[in-house]
Amino acid sequence: MNTLVNQYQTLKVAQPNIRSVDAAVQLGTTEAQLIASQVGQQAIKLNINQIENILKGLKKLEHVMALTRNGVVVSEIKGCYEKLYTSQRNNKKMGIAINPGGIDLRLFLSQWASVFAVKLNNMVSIQCFDKHGRAVHKIFNTDKTNLTAYQALISKYSDPEQSTTLVVEPIKIQELETTPQENINVAGFLTAWENLQDVHHFPALLTEFKVGRIQALELAQPNWAQEIPTASLPLIFSTLKEQQSEVMIFVNNNAAVQIYSGALNNLKQVGPWYNVLDEDFNLHIKNEDLARAFVVKKPTDNGNTVVHSIEFFDESSNTVMTLFGRRVEGKEQPKQWITLCNKLIDSYKS
């Protein structure tokens with residue numbers, strides 16, 4: 001048994017409920033390398049070159065739980081992998097599962113570097129990691145999962161090389177690149193924002209004017225954006241629960257976006273985590289690690305329709321969670337959602 005596995009087992013005796021990502025930090029390794037060390041025992045390495053076929057094969061597992069996380073937010077959705085398609089553009093592989101209300105995903109497969117099947121007690125999973133050894137997406141069984149199909153899938157796509165070591169690339173800490181405000185055509189940028197026809201064109205707008213996302217939101221205050229305290233989160237969620245308003249919650253990392261669409265019911269603070277604990281949807285947010293939050297407005301080509309969102313960022317200015325009032329494409333968001341956003345804007349407008 002290799003040294004890392006020994007260290008991990010010792011750690012689990014002391015902390016039985018420790019998450020693998022936290023264990024990896026304590027052991028001075030990455031989560032992917034920690035999983036790789038268990039190959040031949042609790043883990044099987046799968047063929048990353050077959051990731052598209054693996055994802056398409058998930059439908060046969062029927063009911064599962066999909067997990068996508070970043071350093072601050074964890075999203076867990078139960079359902080089936082349906083309508084999953086893969087494509088390639090500019091030599092970059094993409095995946096998409098369009099299933100509003102269920103497992104709804106946008107996957108940037110070119111960022112995925114390793115994948116493992118893992119068994120822990122009565123739980124089995126497929127866990128995917130990037131080149132830095134960070135988890136990008138995981139699939140866990142439920143009591144409704146077709147385990148025969150799971151076994152067939154991992155048998156079919158097991159990697160011929162079952163190594164217990166894994167080479168990862170170190171994460172390069174990059175300074176956030178922003179254009180000095182004096183070099184930005186602020187008037188032109190705000191006019192282009194005002195003339196947006198589609199919310200999906202917003203990233204291209206930032207690229208065109210060489211503006212960072214938070215920088216853009218700061219420039220757009222108070223007409224198109226308004227910073228609010230991150231401590232507003234419980235108020236936002238409790239209001240949505242009280243109204244039973246359907247919300248879309250986007251949780252992303254560098255290689256995956258997971259989208260929940262629906263209402264919120266069971267809200268609970270447990271230690272440092274603020275949680276949604278519903279039957280088919282769990283959300284875990286580490287409040288203290290939310291660094292900034294903004295209410296953001298973007299126009300569309302549909303008359304006076306303006307899409308309102310609430311965006312949360314970590315201390316490195318990465319988007320970790322975005323909330324939208326659920327709407328039909330081309331239609332207005334629910335009035336209750338717009339009212340909530342406007343109340344937040346009015347409460348904190350400087």
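The values are calculated or read from the model by the stated rules, or taken from the named source; none is laboratory data. Not measured: the values here are computed from a predicted model. So basically every Cβ, Gly included, is an ideal-geometry build from the backbone, and we count neighbours across all protein chains shown. Note: accessible area is taken over every heavy atom of the protein model, side chains too, but ligands, DNA and RNA are not part of it. Shrake-Rupley method; radii C 1.70, N 1.55, O 1.52, S 1.80 Å.
Pairs meeting the criteria (first residue in segment 40-56 and modelled with pLDDT of 95 or more, second residue open to solvent by 60 Å² or more (accessible area, probe 1.4 Å) and outside any strand (DSSP E or B), beta carbons under 6 Å, at least 6 apart or on different chains) are Lys45/Gln162.
If you take the residues in segment 1-39 that are of a type in the set (D, E, K, R) and free of Cβ contacts under 8 Å to residues at least 12 places away in the same chain, which one is farthest from Lys131 (Cα to Cα)?
So the residue we want is Lys12.
A Cβ distance below 7 Å, combined with a sequence gap of six or more or placement on separate chains, defines the contacts here; from segment 91-116, residues that are within 16 Å of Asn254 (Cα to Cα) reach residues that are of a type in the set (Asp, Glu) and surrounded by 21 or more Cβ atoms within 10 Å (Cβ to Cβ) in the pairs Gln111/Asp130; Trp112/Asp130; Ala113/Asp130.
Among the residues of segment 69-76, are any open to solvent by less than 70 Å² (accessible area, probe 1.4 Å), at pLDDT 95 or above, charged (D, E, K, R) and part of a strand (DSSP E or B)? Yes, the conditions are met somewhere in segment 69-76. Look at (1) in contact with a helix residue (DSSP H, G or I) (Cβ under 8 Å, 6 or more places away or on another chain); (2) more than 30 Å from Gly28 (Cβ to Cβ); (3) not in a loop (DSSP other than H, G, I, E, B) and you find that Leu196 fails only one, number (3).
Condition check ((1) under 14 Å from Ala220 (Cβ atoms); (2) in a strand (DSSP E or B)) across all residues:
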| site | (1), (2) |
| --- | --- |
| His284 | no, yes |
| Glu288 | no, no |
| Val295 | yes, yes |
| Asp301 | no, no |
| Asn304 | no, no |
| His308 | yes, yes |
| Glu311 | yes, yes |
| Ser317 | no, no |
| Thr322 | no, yes |
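State yes or no: is Leu84 in contact (Cβ under 8 Å) with a residue 12 or more places away in the chain, in contact with a helix residue (DSSP H, G or I) (Cβ under 9 Å, 6 or more places away or on another chain) and buried (at least 21 other Cβ atoms within 10 Å of the Cβ)? Judged against the criteria, Leu84 is not a match. Taken together, Gln258, Gln226, Gln215 contain a single residue that is open to solvent by less than 40 Å² (accessible area, probe 1.4 Å), within 26 Å of Lys138 (Cβ to Cβ) and not small (Gly, Ala, Ser), which is Gln258. All conditions but one from (1) modelled with pLDDT under 95; (2) assigned to a loop (DSSP other than H, G, I, E, B) apply to Thr29; the one that does not is (1). For segment 298-313, filtering for residues that are in contact with a Ser or Thr (Cβ under 8 Å, 6 or more places away or on another chain) and either basic (Lys, Arg) or modelled with pLDDT under 95 (or both) leaves 4. Number of residues in segment 1-58 that are among the charged types (D, E, K, R), touching a Gly at 6+ places or on another chain (Cβ under 9 Å) and buried (at least 20 other Cβ atoms within 10 Å of the Cβ): the value is 1. Taking segment 262-276 as the range and being surrounded by fewer than 16 Cβ atoms within 10 Å (Cβ to Cβ), part of a strand (DSSP E or B) and more than 17 Å from the chain's Cα centre (by Cα) as the test, the residues that pass are Lys268, Gln269, Val270. Scanning segment 314-329 for residues that are closer than 22 Å to Gln197 by Cβ and in contact with a Ser or Thr (Cβ under 8 Å, 6 or more places away or on another chain), we see that the one that is modelled with the highest pLDDT is Thr322.
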